[in-house]
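The values are calculated or read from the model by the stated rules, or taken from the named source; none is laboratory data. In this text the structure is predicted, and so the values were computed from the model without any measurement. Neighbour counts run over all protein chains shown; Cβ positions are idealised from the backbone, glycine included.
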Amino acid sequence: MVNLDPAFPSLPPSRRGNAVDALVTGATGLVGNNVVRMLLSRGESVRAFIRSRQASDRALAALPVEVVQGSLGDESAVQAAVDGARIVVHSAAMVHCGWRHRAEMMKANVEGTRVVAAAARRAGARLVHVSSVDAIGLHADGTPADEETLPGGMPECPYVVTKREAERVVHDEIARGLDAVIVNPVYMLGPWDWKPSSGRMLLEVASGKGLFAPPGANDFVDVRDVAGGILAAAERGRTGRRYILGGHSMSYLDAWRLFARVAGRMQPLGIAPPPLVRMAGLAGDLVSLCMKHELPVNSAATRMSMLPHNFSCRRAQAELGYAFRPLEATVSDAWEWFIEHGFARAPRGRTVMAR
């Protein structure tokens, strides 16, 4: 079992200053927060680049990190944060599975990455760009895709397009002399999911809303294993190379059954018929036209949920020593973290083990 509430001392004056082992963007997000905590556990000094102080109050509370607030679009602020860092882990991104927010995602995911990558090149820092497997294509026959699979097979929604474009701008800077590697995580679960982000799927199933699972499949992995893969890529990854940080390939039905079992809830009844899933996505699109925000159930999200979203991580295993733990341990730790931090309630008669 992992200690979910490590007590780190305040940063001593001798550790303050321009030089730092690692700068982490998106340090309050699921990936970034776990990377920060893993770096600290290894005795590394960390600078966190954040957009909002309000988000950092919980995510970075009591951690001995240097916090820098700013926008990815502010080149001078980003450069000042990057200067002095040996490694830059760029995990900040706008995530939304739908058809809206293209302009915002281009600004955050593509232009923001361009600013960070250029700053890292000028500072002589090594960049680890945290992309997504959604930037990689899928095979039509459902066999696991790898780092060389050509784009295609996914809905061309803004998130998919901008994550792919963000990788392109990293390669543009590599051509100018940047030392960078790209990592492509699969679907992540685990502790320190403050938003919550991908852990919302677990929370939805645990709340009884997962009666019928989508007909597709996905790869599920512990975010702490992804954090370890990111740091391994920083140490041993080959410049310009992609590394898929994969996990357990499962149908959504099997994954949701595991979620329900860990949370002590009713098991899903079965798989939703594909025509019904398509209709739900189109209905979500129509309703969203009348609203200021796009519903989580939309045709991009439902199309994604019907895909065999599976990937091979053999390259990361061979070159980085990447490994991942059993999924049940991941789901248990994530569920207990959500309960401990007030995002969920344990069923009556069940208690959460003290950590």
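If we keep just the residues of region 146-161 that are under 18 Å from MET304 (Cβ atoms) and in contact (Cβ under 8 Å) with a residue 60 or more places away in the chain, which is surrounded by the fewest Cβ atoms within 10 Å (Cβ to Cβ)?
GLY153
Could you tell me which residue of region 226-265 is farthest from ASN184 (Cα to Cα), considering only residues that are touching a residue at least 40 places away in the same chain (Cβ under 8 Å) and in a strand (DSSP E or B)?
MET250
For region 101-133, how many residues are farther than 30 Å from LEU282 by Cβ, of a type in the set (D, E, K, R) and part of a helix (DSSP H, G or I)?
Result for region 101-133: 4.
Going through region 72-94 one residue at a time, which ones are over 23 Å from ALA233 (Cα atoms) and surrounded by fewer than 17 Cβ atoms within 10 Å (Cβ to Cβ)?
GLY73, ASP74, GLU75, SER76, ALA80
Quick one: ARG345 ticks every box in (1) exposed (fewer than 14 other Cβ atoms within 10 Å of the Cβ); (2) closer than 30 Å to MET279 by Cβ bar one, so which box is it?
(2)
Condition first: over 18 Å from LEU30 (Cβ atoms), free of Cβ contacts under 8 Å to residues at least 40 places away in the same chain and not in a strand (DSSP E or B). Now tell me which residues in region 44-70 satisfy that.
Listed by number, the residues that qualify are GLU44, SER45, ARG53, GLY70.
Given the residues ALA123, ALA166, ALA135, ALA118, which is the only one that is in contact with a helix residue (DSSP H, G or I) (Cβ under 7 Å, 6 or more places away or on another chain), touching a residue at least 24 places away in the same chain (Cβ under 8 Å), crowded, with 23+ Cβ neighbours inside 10 Å and not charged (D, E, K, R)?
ALA166
Do we find a residue being at pLDDT 95 or above, in contact with a Phe, Trp or Tyr (Cβ under 6 Å, 6 or more places away or on another chain) and either outside any helix (DSSP H, G or I) or within 21 Å of VAL88 (Cβ to Cβ) (or both) anywhere in region 134-155?
Yes - at least one qualifying residue is present in region 134-155.
List every residue pair whose Cβ atoms lie under 9 Å apart, where the two residues are 6 or more positions apart in sequence or sit on different chains, the first residue falls within region 317-330 and is farther than 13 Å from MET188 by Cα, and the second residue, located anywhere, is of a type in the set (S, T, N, Q).
Note: pairs meeting the criteria are ALA323/GLN317.
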